[in-house]
Amino acid sequence: MKLRRLASGENMAEAVGKKVELRVIAPTMATDKSPYKFNKPVDMVIMRCSTGDIGILPNRMPISMVLGNGVLRIFDEDEERHMAILGGVAHAGDNIITILSDAAYKSDEIDAGKISGQMAEFRRLMDETADLGEKQKYRDDIHRMQVQLDVAGAEVK
């Protein structure tokens, strides 16, 4: 049986066991200790781009993309982790994925009760306004909050 060739010319069997370095940077959320929200080798990443979801494995041809608001799914060994990524850009190449986003949240950084309350308030305000621009802004904010709630719920097993 012939193995499918990867873009780099190596076959699938040779790619097994390799990792891709995932670096998530959120400059507005950086601490004095590290500019990274996440920085670790992983097996695979699935992220929400402006055109849909994309999965990145080791040895992928270089690609850059605009990110939408969505759940970043991180696969390593037998574990799957989630982060809320609220827009940004990403580049994958040379077995490094770099995500630059204004906001990136791990599940333990999300206050689900607070966000649920804010969502209810934004829904009320959206229903009360007649301004279409304001309605759209509330919809966008509610969507970003829903992504965070999805991550907070995804980590509960």
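Tabulated data
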{"quantity": "Theoretical FRET efficiency, 1/(1+(r/R0)^6), r = Cβ-Cβ of VAL66 and ASN95, R0 25 Å, to 0.05", "calculated": "0.70"}
{"quantity": "Computed E for GLU77/ASP108 - FRET, C-beta separation, R0 25 angstrom, nearest 0.05", "calculated": "0.80"}
{"quantity": "The range 71-157, accessible area per residue, ligands and nucleic acids excluded (1.4 Å, Å²)", "calculated": "57"}
{"quantity": "Share of alpha-carbon pairs per 10 Å distance bin for the range 97-157, given as whole %", "calculated": "21, 43, 28, 8, 0"}
{"quantity": "Under 5 Å, built H, 5+ apart or other chain: amide partners of ASP76", "calculated": "ASP43, ARG81"}
{"quantity": "Net charge contributed by nearby residues that have their C-beta within less than 14 Å of GLY133 (K/R +1, D/E -1)", "calculated": "-1"}
{"quantity": "Karplus (6.51, -1.76, 1.60) ³J(HN,Hα), θ = phi - 60°, over the range 60-65, in Hz, Gly and Pro reported as x", "calculated": "6, 4, x, 8, 10, 8"}
{"quantity": "Proximal aspartates and glutamates to LYS114, defined as alpha-carbon separation beneath 15 angstrom and excluding residues fewer than eight positions away on the same chain", "calculated": "ASP141, ASP150"}
{"quantity": "Mean separation of Cα contacts under 8 Å, 6 or more apart, over the residue count of the range 37-157: relative contact order %", "calculated": "21"}
{"quantity": "In sequence order, calculated HN-Hα J values of the range 134-150 (Karplus, 6.51, -1.76, 1.60; Hz; x Gly/Pro)", "calculated": "5, 4, 5, 4, 5, 4, 4, 5, 5, 4, 4, 5, 5, 4, 5, 5, 4"}
{"quantity": "Share of carbon and sulfur in the accessible heavy-atom surface of the range 71-126 [1.4 Å probe, %]", "calculated": "49"}
{"quantity": "Inter-probe distance in nm under a simple model that places probes 7 Å from Cα toward Cβ, at GLU128 and ILE54", "calculated": "4.2"}
{"quantity": "Residue pairs, from the table LYS19/LYS135; LYS37/LYS137; LYS18/LYS137, whose Cα atoms sit over 32 Å apart", "calculated": "LYS19/LYS135; LYS18/LYS137"}
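The values are calculated or read from the model by the stated rules, or taken from the named source; none is laboratory data. Here the structure is a predicted model, which is why all the values come from computation and not from measurement. Reconstructed Cβ throughout: ideal geometry from the backbone, glycine too, with neighbour counts over all protein chains shown. Accessible surface is based on the protein model in full, side chains and every heavy atom, while ligands, DNA and RNA are left aside. Shrake-Rupley method; radii C 1.70, N 1.55, O 1.52, S 1.80 Å.
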